[in-house]
Amino acid sequence: MSLSVLALALALAVPLDRLVLPLLPTLLPVLAQLPHLARLTLHTLTLYSLLALALDSYNRPANPNGYRILRYHDLPGPWPTSLVWGLEKALYDDAPPGKLLDAWSAKYGGAYRFRGVLGAKNITLTLPSALHHVLTTSVYTYPKPLGGRLWLGTLLGEGVLVSEGEKHAGQRKRMARAFTPQALRGMHEVFEQCTGKVVDAWEALLTPTAAGKAATPAQDDAAGGKALSIDVQYWANRLSLDAIGLAGFGYPFGSLDSAVDGSEQHPLATTFDKLTDSSGTYAAFVLRAVLFVWPGVLKMPSKRTKSIGEVRKKLGAEVKRVRQESGSLAGRTVIGILEQQAAEEGSGIDDDEIEAQIMTLVFAGYETTSCAISWALYELALHPASQAALRDELRASASASQPGSGPQPHPPLLDAVIRETLRLHPPVLDLHREAETDDLVPLGDGRALWVDKGTVVYIPLNVLGNEGHPGPWNPEQWLKPAASAISGSTGSAGSGGSSTSTVWAFSDGPRVCIGRAFAMSEIRTVLSALVSGFEFAPDPALEVEPFVSFVVRPKVRGDRRSTLPLLVRKAA
Ligand code: HEM
């Protein structure tokens, strides 16, 4: 009797689904040795189940569509591997990144559950109707998790990446004009200018000097020719930062110039790189994990929170100076167009918001794009037949275009290569959202999932990119009529279905990447020039692997920082 009373008290006091279930795999072997405790647990479980059943029938959500409702516990899912971290640490340590998400989706399907820190409820969704609900129709019911928003807000201010609800919708509407095809045509010049600097620098490096040697020691590549080892990631980073600075807000970071003349990189770029380019340390994981359950950790003084504040302050000060000095450039940049739009509406825009949007552009647009460029060159280096076919296509398209004949259609294989790169190497591995209220998520087939307030929803972009297109590198698959080109991407999954043209690496719905056309234009420009002019091969002495530090970057196995050395020579 006394045991039952104790069990009831326990069942009431401990939210079993949060704490006890994740502990069971570890506890059961111990309990088997301890008959008393085992009995207590059995009592607790029975009583809890009865209680849960009673509560379940009392707390039924409104269900006007007559769905068959599933609860969290009805979903399949993996068992937690840690009492404290749930499966968060396993996900953080996953190598290559995304492997676990792929395996779980294959095993448990398009809706499954897994526990996070201290038993927190997480679900992963890849079913089309569920994604449409979370990313499109109920987008503001599923904001980014509070901890992530606070972290980003401290770093960037409340720009379009961080804001939610009406504020986000308003910011997005005002920014849209800066990303129209017409606006992007003006920015194309910047992409060409920056790419031209890389081409010139590499040609100089590869040109034999008067003494009959290449400017830098060359080595034999796999094809038996002379090639130079170039850290492609280093150049892609600098190019991408210069492009976002100039096209985004008219600011010359001068990263490529400093790479050429060997001077120091812009201090802001260094600070920014330090903040984002670090491979997974235990401290970084703990901060991230704790942030999810206790956002207040951000207020505690630490090296990381201090450096966030420093980056913010430095960029803010630079931005103020640049805005005063370069009024003439402003009209053609993203921020210039945003300011014009606000002036025309008569609404005005305050300095804090301008500053936040500038920081947002750098944060969201710099390393995402540079990593996409690097991975594309890496895959082309590994696949010489694709590389040669792309070079032929680019050269044929360049010789067919007449001066003054206006914008040309994108060479199809170029788009296919980019799309295939984003499928295999989505820079943003997964999206996180948090249910702001209890909600019903349609799963298709007349079923819906009851999602409790506070549940975190994972949307694995790597898994989604592979749906219908699994397997190793194969850009040609995107040339088939059913798979439309990236330029046709609407970013909308339509009414509950995943459109074939959605490039999942950019997400979907009202929060789809606002810079996707900007990124695509930049990547096309860079790949066109580099693949036309140079040949790329892997360095057989080095093993390249992906790692996550905000975005999925390449690095040499054994190194901590992101680099991608490839053997480069002038194309015949
Ligand atoms: C290959 C390059 C890029 C990829 C793969 C990429 C991917 C993404 C993804 C997945 C999101 C959604 C994040 C979320 O909802 O949690 C996003 C949002 C965003 N991206 Fe990109 N991005 C790229 C380049 C760019 C560029 C070049 C810019 C700016 C010029 C940019 C600006 C933004 C902004 C402002 C948002 C927030 C949009 C919103 O919440 O309304 N991105 N991006």
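Things to note:
- Where a residue in the stretch 528-548 is in the same structural domain as residue 381 (by TED's automatic domain parsing) and its partner, wherever it lies, is of a type in the set (Phe, Trp, Tyr), with Cβ under 7 Å and at least six apart: 534/202; 544/378
- Every residue from the stretch 158-167 that is within 18 Å of residue 362 (Cβ to Cβ) and either surrounded by fewer than 21 Cβ atoms within 10 Å (Cβ to Cβ) or not assigned by TED's automatic domain parsing to the domain that holds residue 285 (or both): 158
- Residue match in the stretch 126-140 (condition: within 16 Å of the ligand (Cβ to nearest atom), surrounded by fewer than 17 Cβ atoms within 10 Å (Cβ to Cβ), within 24 Å of residue 440 (Cα to Cα) and under 20 Å from the mean Cα position of the chain (by Cα)): yes
- Number of residues in the stretch 526-569 that are in contact with a Phe, Trp or Tyr (Cβ under 8 Å, 6 or more places away or on another chain), hydroxyl-bearing (Ser, Thr, Tyr) and buried (at least 20 other Cβ atoms within 10 Å of the Cβ): the value is 1.
- Members of the stretch 512-563 found to be assigned to a strand (DSSP E or B) and among the β-branched types (Val, Ile, Thr), listed by number: 544, 548, 551, 552, 556
- Any hit, the stretch 173-184, residues being in the same structural domain as residue 512 (by TED's automatic domain parsing), at pLDDT 95 or above and among the charged types (D, E, K, R): no
- Test: residue in the stretch 385-403 that is at pLDDT below 95 and within 16 Å of the ligand (Cβ to nearest atom): no
- The set of residues in the stretch 512-538 being of a type in the set (A, V, I, L, M, F, W, C), over 16 Å from residue 417 (Cβ atoms) and within 12 Å of the ligand (Cβ to nearest atom) consists of 512, 513, 514, 517, 518.
- Within the stretch 239-257, the set of residues being of a type outside the set (Gly, Ala, Ser) and in contact (Cβ under 8 Å) with a residue 60 or more places away in the chain comprises 239, 241, 244, 246, 249, 251, 256, 257.
- Residues of the stretch 363-383 classified as closer than 17 Å to residue 524 by Cβ and over 10 Å from the mean Cα position of the chain (by Cα), total: 12
- Breaking point among (1) surrounded by 14 or more Cβ atoms within 10 Å (Cβ to Cβ); (2) part of a helix (DSSP H, G or I); (3) modelled with pLDDT of 75 or more; (4) of a type outside the set (D, E, K, R), for residue 305: (3)
- Whichever residue in the stretch 79-97 is within 21 Å of the chain's Cα centre (by Cα) and within 23 Å of residue 441 (Cβ to Cβ) and, among such residues, is surrounded by the fewest Cβ atoms within 10 Å (Cβ to Cβ): 87
- Within the stretch 168-187, residues that are among the basic types (Lys, Arg) have Cβ atoms under 7 Å from residues that are more than 9 Å from the ligand (Cβ to nearest atom) in these pairs: 174/338; 174/341; 174/342; 177/183; 177/337; 177/341, counting only partners at least 6 apart in sequence or on another chain.
- One residue stands out among those in the stretch 168-183 that are more than 22 Å from the chain's Cα centre (by Cα) and surrounded by 15 or more Cβ atoms within 10 Å (Cβ to Cβ): the one that is farthest from the ligand (Cβ to nearest atom), which is 177.
- Lone unmet requirement of (1) within 15 Å of the ligand (Cβ to nearest atom); (2) of a type in the set (A, V, I, L, M); (3) at pLDDT 95 or above for residue 544: (1)
- The number of residues in the stretch 404-435 being in a loop (DSSP other than H, G, I, E, B), at negative phi and either more than 16 Å from the ligand (Cβ to nearest atom) or modelled with pLDDT under 95 (or both) comes to 6.
- Leading residue by the ranking (nearest to the chain's Cα centre (by Cα)) among those in the stretch 143-167 that are of a type in the set (Lys, Arg) and more than 9 Å from the ligand (Cβ to nearest atom): 149
- One residue stands out in the stretch 460-484 among those that are buried (at least 22 other Cβ atoms within 10 Å of the Cβ) and farther than 21 Å from residue 412 by Cβ: the one that is farthest from the ligand (Cβ to nearest atom), namely 463.
- Yes/no for residue 366 being in contact with a Pro (Cβ under 7 Å, 6 or more places away or on another chain), touching a residue at least 40 places away in the same chain (Cβ under 8 Å), surrounded by 21 or more Cβ atoms within 10 Å (Cβ to Cβ) and aromatic (Phe, Trp, Tyr): no
The values are calculated or read from the model by the stated rules, or taken from the named source; none is laboratory data. A quick note: this is a predicted structure, and the numbers were derived from the prediction, not measured. Glycine gets a Cβ as well: all are built from the backbone with ideal geometry, and neighbour counts include every protein chain shown.
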